[in-house]
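The values are calculated or read from the model by the stated rules, or taken from the named source; none is laboratory data. What you see is a predicted model; the values in this text were computed from it and never measured. Quick reminder, even Gly has a Cβ in these numbers, built from the backbone with ideal geometry, and neighbours come from all protein chains shown.
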């Protein structure tokens, strides 16, 4: 495992040559700043709300990699003082789906910073987030000598056809997509990396109904007190050293954990899925997007009679999807 980790770090250093600086404000990062890292392509429509959400949550600085967007993403981000931006035309697939680029940025700029790694359609929810900032969470984690914090990816979706309601820039995606599956999840332990592997939810139920074991992974560890010796292996699903993956107790739920509300299923989904299928830059020969393409022409509805409407984090804790653990 030590060799694997070193290889990931060396690979990230090599892949750093693919990144071109567009705007570097990292000199403004203070020693205790909380940093968000993300790789994106053609997400300009989502950025106004995304940035507002995370700034309100307490993120101090953003490190973004723009993978050759054509929708004005780069132009929108330029000039914002808390954003550092890199551009690349290199292959997303050959960068381990952006992991190499983010590992390098974290190694160079995030050492000893609490770092949140999320996609533009993911919104971090944690215990007491309605009354406490993310700094309150990281302070508690520091005082508890905890260096990593888990958050299950929870797909949210509209009631009715996915493309029925147009999404507007700056709008809260939950205004449109506010339903989720409260059950229907499978959990297994990954013996190689000592993490839990979670699958299920609406994508498994609708797009992978015949092959649920091929459904996308929902386990993530997006918040880490980063060290330059750390490395993500597979998105934010898996980390090295392996101890960072041990974010759940054996019986589940006792350790504090959060949720990433995954707002993929807006009216932008159809065009995005088709673009990514054509590009072929995603995991396993874009198997996930092939599954979407096979179903999307039927205008599938993800809502069902067992769907729950999202209210707040306390509801998610009651349902057993996250936990405040011993943080009071």
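Some points to look at:
- In segment 199-237, of all residues being in a strand (DSSP E or B) and touching a helix residue (DSSP H, G or I) at 6+ places or on another chain (Cβ under 6 Å), the one that is surrounded by the fewest Cβ atoms within 10 Å (Cβ to Cβ) corresponds to 232.
- Only residues that are in contact (Cβ under 8 Å) with a residue 24 or more places away in the chain, surrounded by fewer than 17 Cβ atoms within 10 Å (Cβ to Cβ) and closer than 24 Å to residue 135 by Cβ were counted across segment 1-30, and they come to 4.
- Considering (1) within 21 Å of the chain's Cα centre (by Cα); (2) surrounded by 12 or more Cβ atoms within 10 Å (Cβ to Cβ); (3) at pLDDT 95 or above, the lone condition that residue 286 does not fulfil carries the number (3).
- Flag if residue 169 is assigned to a loop (DSSP other than H, G, I, E, B) and surrounded by 22 or more Cβ atoms within 10 Å (Cβ to Cβ): no
- Count of segment 68-79 residues which are in a loop (DSSP other than H, G, I, E, B) and farther than 24 Å from residue 236 by Cβ: 5
- Within segment 36-47, at least one residue is touching a residue at least 60 places away in the same chain (Cβ under 8 Å), in a helix (DSSP H, G or I) and within 24 Å of residue 175 (Cβ to Cβ).
- Every condition in (1) under 21 Å from residue 236 (Cα atoms); (2) out of contact with any helix residue (DSSP H, G or I) (no Cβ under 9 Å at 6 or more places or on another chain) holds for residue 57 except the one numbered (2).
- Restricting segment 116-132 to residues that are in contact with a helix residue (DSSP H, G or I) (Cβ under 9 Å, 6 or more places away or on another chain) and surrounded by fewer than 16 Cβ atoms within 10 Å (Cβ to Cβ), the residue that is farthest from residue 247 (Cα to Cα): 130
- Residue within segment 95-115 that is within 28 Å of residue 295 (Cα to Cα), buried (at least 23 other Cβ atoms within 10 Å of the Cβ), in contact (Cβ under 8 Å) with a residue 24 or more places away in the chain and in contact with a strand residue (DSSP E or B) (Cβ under 8 Å, 6 or more places away or on another chain) present: yes
- Qualifying residue in segment 181-188 (condition: buried (at least 20 other Cβ atoms within 10 Å of the Cβ) and either assigned to a helix (DSSP H, G or I) or in contact with a strand residue (DSSP E or B) (Cβ under 9 Å, 6 or more places away or on another chain) (or both)): yes
- Taken together, the criteria place residue 292 among residues that are outside any loop (DSSP other than H, G, I, E, B), buried (at least 17 other Cβ atoms within 10 Å of the Cβ), in contact with a helix residue (DSSP H, G or I) (Cβ under 6 Å, 6 or more places away or on another chain) and modelled with pLDDT under 95.
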